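Visitor: Before I ask anything, let me first share the structure, which is written out below as structure tokens.
Here, each number is a calculation from the coordinates, and none is a lab measurement. Quick caveat: nothing in here was measured; it's all calculated off a predicted structure. Here the Cβ positions follow ideal geometry from the backbone for every residue, glycine too, while neighbour counts run over all protein chains shown.
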Amino acid sequence: MKREINLYLLGGFVFTSLVGTLFHFAYEWSGNNIIVAAVSAVNESTAEHLKIFFFPTFIFGIFEYLKYGKEIGCFWKIKLEGILLGMLFITAFFYTYKGIVGHNIDFLNILDFFLGAAVCYIWQKLRFRNNRKNCREFVWFGITCLIAAAFIYFTYNPPVIGLFEDPITLEYGIVH
């Protein structure tokens, strides 16, 4: 079972990386479809990059839970920890390198995304292997769903703070 879980975690990294990359462009490719906007990047803000990391990881997590997650104590707690660590890494890496060099570098943004995904899935691998606890899965799954809802809400109603500002257009949210 451990080997199978490791293969799924590797598959999750690949899935998150590929689907997250597709979600980066999906809104534009869809002709700016307002429904596609819910899970894809609508601008180049940090928040939108976190969203395109979150949703593929969450979607893959649902698949994982149905396949083997019920056998792992606190699956959704560990999944959420991994997601949050990946998002923290992406944010810290981006603002650190941008603070040092003073501007965006596309290669580093792409590397940042993949490293964030690696952090997420490596954390899960370590925690799944060492975890034997039971917890209220519905609570952790519910918190993860609330984060998903917040991403969707903020896509259409972004707060006017730096995390949501497109560094290219200096606009917030969906620009018409």
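Visitor: If the only charges are +1 at each Lys and Arg Cβ and -1 at each Asp and Glu Cβ, what is the size of the charge dipole of the chain around the Cα centre, to the nearest 20 debye?
Guide: 1160
Visitor: Follow-up. Enumerate the lysines that Lys2 could reach by cross-link, defined here as Cα to Cα under 21 Å, with residues fewer than 8 away along the same chain left out.
Guide: Lys67, Lys70, Lys77, Lys79, Lys125, Lys133
Visitor: Averaging over every viewing direction, what projected area does the convex hull of the Cα atoms of the stretch 56-130 cover, in nm²?
Guide: Result: 5.1 nm².
Visitor: On to the next question. How high is the relative contact order of the chain, in percent, counting Cα pairs under 8 Å that sit 6 or more residues apart?
Guide: It comes to 30 percent, rounded to a whole number.
Visitor: State, in angstrom, two size descriptors of the chain derived from its alpha carbons: Rg to one decimal place and Dmax to the nearest whole number.
Guide: 16.4, 50
Visitor: At each listed q (0.18 Å⁻¹), what is the log10 of I(q)/I(0) that the Debye formula gives for the stretch 1-46 modelled as equal alpha-carbon point scatterers?
Guide: Log10 I(q)/I(0), no solvent term: -0.59.
Visitor: Across every pair of different alpha-carbon atoms, what Kirkwood hydrodynamic radius in Å does the stretch 100-176 reach?
Guide: Taking the inverse mean of 1/r over all distinct Cα pairs, the stretch 100-176 comes out at 16.0 Å.
Visitor: A further question follows. As I understand it, the value is the acute angle between the Cα axis of helix 137-156 and the longest principal axis of the Cα atoms of the chain; what does it come to in degrees, rounded to 10?
Guide: Its long axis makes an angle of about 10 degrees.
Visitor: Apply the Karplus parameterisation 6.51 cos²θ - 1.76 cosθ + 1.60, with θ equal to phi minus 60°, to every residue of the stretch 24-30 and state each ³J(HN,Hα) to the nearest whole Hz, in sequence, with x for glycine and proline.
Guide: Per residue, the Karplus-derived 3J(HN,Hα) values read 5, 10, 4, 4, 5, 4, 7 Hz.
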